[in-house]
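Structure first, then comments.
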Amino acid sequence: LCGSQFWNSTETWYTNDPDFTPCFEQTALVWMPCAFYRLFVIFDFYYLKASLDRNIPWNKLNVTKALVNLGLLVITALDLVMALVKKGGDSGLPRYDLDVWGPIIKFATFLLLFMFIPLNRKYGVQTTGCQFLFWFLLTVLAIPRCRTEVRLNADRQKILDSAQPSEQDFSWEEYQFVSFFIFFTFSSIMLILNCFADGMPRQTKYQRGENEIPELSASFLSRITYQWFDSMALKGYRNPLEEKDLWDLRPQDSCSEVMPIFAHHWNQKVRKNYKGRARVEPKAQFSNGNVTFENPHGEKSGRKKGMASIMPPIYKSFGGVFLFGALMKLFTDVLTFAQPQVLSLIISFVEAHETDPQPEWKGILYAVLLFVLAAAQTFILGQYFHRMFIVGLRIRTALINAIYRKALRISNSTKKEPTVGEIVNLMAVDAQRFMELTTYLNMIWSAPLQIGLALYFLWQQLGPSVLAGLAVMIILIPVNGVIASRIKTYQIRQMKYKDERVKLMNEVLSGIKVLKLYAWEPSFEKQV
């Protein structure tokens, strides 16, 4: 592939002066960011489709991005041309596959990124995480080659200083040195530029005023570090927050955006359960959080009552964000158990320092790796909870809206069946339970995964003693089941009391005049 060894553990790991091979630096460390972006570029297309804004004006930021990206395209194309001219044929230098395919892969990736600059401007996308992560990985993974190129150039310079003036010609190695550092400089500039969000779009679906939430215009770096929230935290630290201090809700989370999506899937579910085309609206009944639609054609048509469950519409409306959050939860669980493994390596490094001393750089590497894993887990876990709270908020918004609209549309005969207390509790309590449940719903699969990984790693440290802890967990499962069953029973009984209380309060408020005239306040107060 590149005329040299791809991996050499003697030079990389079993040495006091570690370094990657040139082949590894020019292939794996460059192609990994390219593969990452091509794998996740679908998210950039999704952001274009889901954007509510349009037409960001040309400004210094996006013009500079376009020029620097164009410079990367030029230098990459020049690498390919120089490889075809300087190597192979009569030049005496062998031409390897890397000399051709390396620039082609980079050129294709940079061209894709260059195309997104005007597309993001047209569709009002101010920042994208995939592009920031690509430039971050490309810049960080290019640092080992910087060290290698500087060393090689220093050795080359010593040879040139001792050579005759006629022998000092511009070699292929010198071109590679200059070309790489131009490439590294441009990549670093692109990383810095992607730390900032683009300008405000000219056309917006919703009016964006001075009180809009800063998250809308924040860059990806600001979003993952929650730097956009600093002003609110500082204001709350100085003075108690009031309602006027709060920002406007994000348009994506507003009822006008959430409800049409849920209503579309809900209507599809209702039509699937009720296929008849009767002029009379099917009679609706509320039961255990479901809506029952009776068949107006009667039993002669052979159709039975159909249950319209709210869960399939919820899955279809908000399942995408929830699944992305579940993927983040998986990464968090893996990172949680990766940290003890690194800590074990640090302990082994310290214990072996007296008997079999290892190079000092390994201890530094373990310490840095432990910090990186902890930081990555913190960032991902924060984004996971943020997204889960947003999904729960949208589900709660959709359910309250759907229940309220249905309560306004049901017939007078149907209104006698569900009490006012039941309808109010559906909107106030049951919808809120969905919001609370969403945040921890992933524990259904996350908890067994964490228990399994914990038992596996503990078995390596403690052996069969782990089975004692496993036995305690198994014994506690029936106990937890009994407790959960009792809690459920009490909650159902409590909800009935709430329904009766709200119904009674509604009657009290409706007949407050009669209640005052007859002085029935004490008796009704006792009932309430």
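The values are calculated or read from the model by the stated rules, or taken from the named source; none is laboratory data. All of these numbers come straight from a predicted model, not from anything done at the bench. Ideal geometry is used to build each Cβ from the backbone, glycine not excepted, and the neighbour counts take in all protein chains shown. Areas reflect the complete protein model, heavy atoms only, side chains present, ligands, DNA and RNA absent. Shrake-Rupley method; radii C 1.70, N 1.55, O 1.52, S 1.80 Å.
Just one of the numbered conditions (1) within 18 Å of V140 (Cα to Cα); (2) under 25 Å from the mean Cα position of the chain (by Cα) is not true of D19; which one?
Among (1) within 18 Å of V140 (Cα to Cα); (2) under 25 Å from the mean Cα position of the chain (by Cα), D19 violates only (2).
Mind telling me which of the residues D90, D44, D99 ends up being within 28 Å of the chain's Cα centre (by Cα), among the acidic types (D, E) and either modelled with pLDDT under 90 or assigned by the TED database to the domain that holds T127 (or both)?
On the way: D90 fails: within 28 Å of the chain's Cα centre (by Cα); D99 fails: within 28 Å of the chain's Cα centre (by Cα).
Exactly one of D90, D44, D99 is within 28 Å of the chain's Cα centre (by Cα), among the acidic types (D, E) and either modelled with pLDDT under 90 or assigned by the TED database to the domain that holds T127 (or both), namely D44.
Looking only at region 389-412, which residues are more than 14 Å from G325 (Cα to Cα), of a type in the set (A, V, I, L, M) and assigned to a helix (DSSP H, G or I)? Outline the logic, then answer.
Here is the first cut: in region 389-412, the ones more than 14 Å from G325 (Cα to Cα) are 393-412.
If we keep only those that are of a type in the set (A, V, I, L, M) as well, we get 393, 395, 398-400, 402-403, 407-408, 410.
The answer is L393, I395, A398, L399, I400, A402, I403, A407, L408.
Being within 16 Å of A447 (Cα to Cα) and out of contact with any Leu (no Cβ under 7 Å at 6 or more places or on another chain) is the filter here; which residues of region 462-471 pass it?
Of region 462-471, the ones within 16 Å of A447 (Cα to Cα) are 469-470.
Listed by number, the list holds a single entry, G469.
I'm trying to understand the selection: among the residues of region 213-263, which are among the basic types (K, R) and under 21 Å from the mean Cα position of the chain (by Cα)? Give the derivation first.
Step one: filter region 213-263 for residues among the basic types (K, R), giving 223, 235, 238, 244, 250.
Listed by number, the residues that qualify are R223, R250.
Scan region 39-63 and report the pairs whose first residue is outside any loop (DSSP other than H, G, I, E, B) and whose second residue is open to solvent by 70 Å² or more (accessible area, probe 1.4 Å) and hydrophobic (A, V, I, L, M, F, W, C), with Cβ atoms within less than 8 Å and a gap of 6+ or a chain change.
L61/F196
Kindly state which helices (runs of 4 or more DSSP H) lie completely within region 137-254 and contain at least 1 residues that are touching a Cys at 6+ places or on another chain (Cβ under 8 Å) and surrounded by 15 or more Cβ atoms within 10 Å (Cβ to Cβ).
Details: elements: 143-162, 172-193, 220-225, 230-238.
Hits in region 137-254: 172-193, 220-225.
Taking P357, is it over 30 Å from V508 (Cα atoms) and either in contact (Cβ under 8 Å) with a residue 60 or more places away in the chain or basic (K, R) (or both)?
On the way: over 30 Å from V508 (Cα atoms): yes; either in contact (Cβ under 8 Å) with a residue 60 or more places away in the chain or basic (K, R) (or both): no.
Considered against the rule, which asks whether it is over 30 Å from V508 (Cα atoms) and either in contact (Cβ under 8 Å) with a residue 60 or more places away in the chain or basic (K, R) (or both), P357 comes out as no.
For every residue, the table says whether it meets (1) assigned by the TED database to the domain that holds H386; (2) under 29 Å from T225 (Cα atoms); (3) over 20 Å from the mean Cα position of the chain (by Cα).
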{"site": "T336", "(1), (2), (3)": "yes, yes, no"}
{"site": "L343", "(1), (2), (3)": "yes, yes, yes"}
{"site": "I347", "(1), (2), (3)": "yes, no, yes"}
{"site": "E351", "(1), (2), (3)": "yes, no, yes"}
{"site": "K362", "(1), (2), (3)": "yes, no, yes"}
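Residue check: is L29 within 30 Å of E360 (Cα to Cα) and assigned to a helix (DSSP H, G or I)?
Details: within 30 Å of E360 (Cα to Cα): yes; assigned to a helix (DSSP H, G or I): yes.
Criteria met by L29.
Considering only region 484-512, state which residues are open to solvent by 90 Å² or more (accessible area, probe 1.4 Å), modelled with pLDDT of 90 or more and farther than 17 Å from N425 by Cβ.
R486
Which of the residues that make up region 369-397 are of a type in the set (F, W, Y) and more than 30 Å from V424 (Cα to Cα)? Spell out the reasoning first.
Within region 369-397, the subset of a type in the set (F, W, Y) is 371, 379, 384-385, 389.
Hits for region 369-397 are F371, F379, Y384.
Can you tell which of V68, V63, V81 is in contact with a helix residue (DSSP H, G or I) (Cβ under 8 Å, 6 or more places away or on another chain) and among the β-branched types (V, I, T)?
Working: V63 fails: in contact with a helix residue (DSSP H, G or I) (Cβ under 8 Å, 6 or more places away or on another chain); V81 fails: in contact with a helix residue (DSSP H, G or I) (Cβ under 8 Å, 6 or more places away or on another chain).
Result: V68 is the single residue among V68, V63, V81 that is in contact with a helix residue (DSSP H, G or I) (Cβ under 8 Å, 6 or more places away or on another chain) and among the β-branched types (V, I, T).
Tell me the residue from L470, L441 that is assigned by the TED database to the domain that holds G319, open to solvent by 50 Å² or more (accessible area, probe 1.4 Å) and hydrophobic (A, V, I, L, M, F, W, C), please. I'd like the intermediate steps shown before the answer.
Values: L470 fails: assigned by the TED database to the domain that holds G319.
Answer to the selection: L441.
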